[in-house]
Amino acid sequence: MPSSRVGAVRASSITDPRRADQESRPAVPPALRVSGFTKTYAGGFTAVEGLDLEVPDGAFFGLLGPNGAGKTTLIGSVCNLVRPTAGRIEIFGHEHTTREARRLVGLAEQDINLDRFMNVEEVLVYHAGYFGIGRARAQARARELMEVFDLSGKARVRPPALSGGMRRRLLFARALMHSPRLLILDEPTAGVDVELRTELWEYTRRLHEVGTTILLTTHYLEEAEALCQEIGLIREGRIIARDSADGLRARYGARDIAEVYLRAMAQKPVAEERA
Amino acid sequence: MSSHVTDPAAVVAARDAGDRCAGHLPPPAAYDEPFAEERRGLLWLCEREIVRFLKLWVQTIVAPVISSLLFIVVFGMALGDRIADVDGVPYDQFIVPGLVVQAILTAAYSNNSSTLFQARSDRFLNDVLSSPLRWWEVNIGVAIGGVVRGLLTGIVLLACAVVMTGVSIEQPLVLVVATALILVAFAQLGVIAGIYAKSWDFMAFVTTLVILPLSFLGGIFYSVDRLPEGWQVVSHLNPIFYLVQAFREGFSGTSDVPIGLSLAVVAVLAVVLSGWCAWLFRTGHRLKP
């Protein structure tokens, strides 16, 4: 994706009158506030230690880091799927395990985790149901999203019979069923073709434009650079840098975000730096 | 180039023209409103669990009913003529309560153990665990599938058995109470197995080497009074023995132990297993790392 296109999207966001309207309203609590978050697994492995992170309402925040850096642990904890060992997680000011917090978060996981017993429409409708949405509204929303994601023709098909791209689209649609205010995308374009990836990017941009806060993890560095207003680099369970793509390039004296990433990850281990 | 995701530009334009709720890009949910449900998430989860096993009705309802009916045909009707009445009850009718108990508890157990293990294994349980459903709602929602499946299996089997053997129900209230307790106990046991299981083999192991032998040794086909004294003592250590006795009391009005003792044992089993389940869901033990 050429960077000029990214610039155009950002410019439109900045001049968007809705943004100005949002700025004049009372301050909204951060979409995500993580304080002193530590997770030590049963075997004694500490994936994340003392992590602090704040993502403002309306942000498009990317989280980059190698495998094992703690991204999935952090996302799992935010989504109530991992039990934090210590620390506090708040979603729009609500403690993360509360129902008020849960209804505000949508998650599209990296792995395809779709209910194999239900068909496409049922996957969407039941998901909405778990969020307390009534049947008529859930069915209408499911039809809407099936149309958006080109799944209407597969409404009665179960996930195992779908192609990989269709499953990825269904996963994305499911995360949007309850219109979350904070959408977490954990490597949403892993394993999809270039065409679908571009379409998902475009759709994600539109979601962001209407005010959805987006937390994206990805191994595709150009994806983070193209989409995110701000990028956080995570290593060994700690945020070692966060800034816009331009800011990171300047900070690391790098030509592109890939070089930023390599330089940041090649620095001394966090433990040594602390010593 | 075919597009998989509809261009939302038209929808955005409609929204910008004043209709903020146009199409599939509604404004994000308000962050400061209390959580409210149009329809309880618990009801949706219950419905999902029931729909799941009904989609597989041949495997989940028909197969166990036929399996139990074969026992009635072979042991009760074909060989029953060669066996004297047991406590004044014709043999084909004598074995019905035990077979109904076995069918109910196996259905409740296997439904919940398999639905939960599959959901864990494929990780679509995350869809439920990350939702606003409370821990006790998830517990009830998952357990209800086994309860309804066990109940349906028992009703269909009983209806067939009444036609085939003419068995009657002497104490319906006892039968209702015993059925409710058995369903709770084994629905929860299934949930526990589904949470602890690391493979499908584990659940097959529990069914084949724990539930089935205990059922057969629990007096389905015989009265323990006819066993040697040592085996009678062993039978009294088997919890399924008390389930069978409670059912037999409901059907024929007779059993090998007082009905109060039978119901008490089943009730204790139900309470202990429910407590265990509640602890697992409340703490997230084995469900959330």
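None of the figures in this text is laboratory data; all of them are computed from the coordinates on show. Every value quoted in this text rests on a predicted model; they were computed, and no experiment measured them. Cβ coordinates were reconstructed from backbone atoms using ideal geometry, including for glycine residues, and neighbour counts include every protein chain displayed.
Data overview
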read-out: Number of partner chain Cβ atoms within 10 Å, mean per residue of B:151-160; value: 0
read-out: Helix runs (DSSP H) in chain B reaching 30 Å along axis by Cα, Kyte-Doolittle at least 1.0; value: B:135-165, B:172-196, B:259-283
read-out: Cα convex hull of chain B, projected area averaged across orientations, nm²; value: 21.5
read-out: Translational diffusion of region A:164-275, µm² s⁻¹ [Kirkwood Rh, Cα pairs; Stokes-Einstein; 37 °C; 0.692 mPa s]; value: 213
read-out: Between region B:233-251 and region B:34-101, the alpha-carbon center distance in angstrom; value: 18
read-out: Where only C-alpha atoms are counted, convex hull volume of chain A per residue in Å³; value: 146
read-out: Candidates per trypsin sites (Lys or Arg not before Pro) in region B:182-277, loop by DSSP, up to 11 other Cβ within 10 Å; value: B:198
read-out: Size-normalised alpha-carbon gyration radius of region B:32-170, reference 2.2 N^0.38 Å; value: 1.37
read-out: Averaged over B:127-139, number of beta-carbon atoms from partner chains that fall within 10 Å; value: 6
read-out: For chain B: relative contact order, % (alpha-carbon pairs under 8 angstrom, 6 or more apart); value: 22
read-out: Shielding by other protein chains, B:36-42, mean Cβ within 10 Å; value: 6
read-out: Proximal lysines to residue A:71, defined as alpha-carbon separation beneath 22 angstrom and excluding residues fewer than eight positions away on the same chain; value: A:39, A:268, B:288
read-out: Simple label model, 7 Å out from Cα along Cβ direction - residue B:54 to residue B:151, nm; value: 1.3
read-out: Distance in nm between pseudo-label sites at residue B:212 and residue B:282 (7 Å out along the Cβ direction from Cα); value: 3.7
read-out: Alpha-carbon gyration tensor eigenvalues x 5, square-rooted, for region A:85-237, Å; value: 25, 21, 14
read-out: Bins of 5 Å from zero: percent of alpha-carbon pairs in region A:112-179; value: 4, 21, 35, 26, 12, 3
read-out: Net charge contributed by nearby residues that have their C-beta within less than 15 Å of residue B:192 (K/R +1, D/E -1); value: +4
read-out: Label-point separation, residue B:234 to residue A:157 (7 Å along Cα→Cβ), nm; value: 5.6
read-out: Cα-derived Rg to Rh of the protein assembly as shown, Kirkwood definition; value: 1.09
read-out: Cβ-Cβ FRET estimate between residue B:40 and residue B:199, R0 fixed at 41 Å, reported to 0.05; value: 0.75
